[in-house]
1. Once every DSSP H run of n ≥ 4 in the chain is given -39500 (n - 2.57) and the sum is divided by its residues, what mean residue ellipticity at 222 nm do you get, rounded to the nearest 500 deg cm²/dmol?
2. Summing +1 for each Lys or Arg and -1 for each Asp or Glu, what net charge is found among the other residues whose Cβ lies under 13 Å from the Cβ of residue 111?
3. Given a Förster distance of 35 Å, report the FRET efficiency between residue 122 and residue 12 from their Cβ-Cβ distance, rounded to the nearest 0.05.
4. Determine the equivalent ellipsoid of the range 3-158 by diagonalising the alpha-carbon gyration tensor, then write out the semi-axes as square roots of 5 times the eigenvalues, largest first, rounded to whole Å.
5. Hey, what angle do you get for helix 118-127 against the long axis of the chain, alpha-carbon based, 0 to 90 degrees rounded to 10?
6. If you fit an axis through the alpha-carbon atoms of helix 139-152 and take the longest principal axis of the Cα set of the chain, what angle between them do you get, 0 to 90°, nearest 10?
7. Going by alpha carbons, how many degrees (0 to 90, nearest 10) lie between the helix axis of 76-94 and the longest principal axis of the chain?
8. May I have the count of lysine pairs in the chain with C-alpha atoms under 21 Å apart, counting pairs 8 or more residues apart or located on different chains?
Amino acid sequence: MNISVRNAKVDAHNSQETLCFSAQITIDDKLAFYAENNGTGGTNTYYLNTDEDQSAQFLEDAEEFAKNLTGENFEALDLLIGSLVSAYTTANEKIDTTIFMIEDSQVYTVDFGKNLTLLDIVGFVKDNPNAKVLNMLNFSDAVREIALADLKNQDFSQV
């Protein structure tokens, strides 16, 4: 499933027990539904977009995808959306100065301490042929890759 997030807004000040955020969730680059969490420990709240039938189907598909991805039935979509919003926030803050890569199913970052140029990225790709350099992807694809790798490396049996 091609799920991602856009226009995510995180309120770190009000994030107490959970991440306080609002975001638009996209599937196949179409607005699927809206998600938010008030940061006080509760579950996410989901809102349908104006095409309620399609939006409801997107929400159901995303929930099934999240359950299959995490192996969890309870709040699986919250885990996926939380990971997407966190990845969006991190990438948005650091994408200009940091290489994001996946190697051996792990996300790694390399901070260049300056604005990256295309030559920096190409040189890094050449020096790291086994790494998937996410800076070469469009932003929403990079966010999705970061979030999915993060979820795949979590141990949900301890949650």
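1. On the way: 4 runs with 62 residues, N = 159.
Calculated mean residue ellipticity at 222 nm is -13000 deg cm²/dmol.
2. Working: positive: 94, 114; negative: 93, 96, 120.
Its environment carries a net charge of -1.
3. Working: r = 34 Å, r/R0 = 0.98.
Efficiency for this residue pair is about 0.55.
4. Values: eigenvalues 160, 54, 52 Å².
Semi-axes (√(5λ), whole Å): 28, 16, 16.
5. The answer is roughly 80 degrees.
6. For 139-152 against the chain, the angle is about 80 degrees.
7. 40
8. Details: 9/30; 9/94; 67/152; 94/114; 94/132; 114/126; 132/152.
For the chain, the number of qualifying lysine pairs is 7.
Bear in mind that the values in this text are calculations on the coordinates, not laboratory data. Worth saying up front: this structure is predicted, and the values here are computed from it rather than measured. Because the Cβ atoms are built from the backbone with ideal geometry, glycine has one as well, and the counts that use them run over all protein chains shown.
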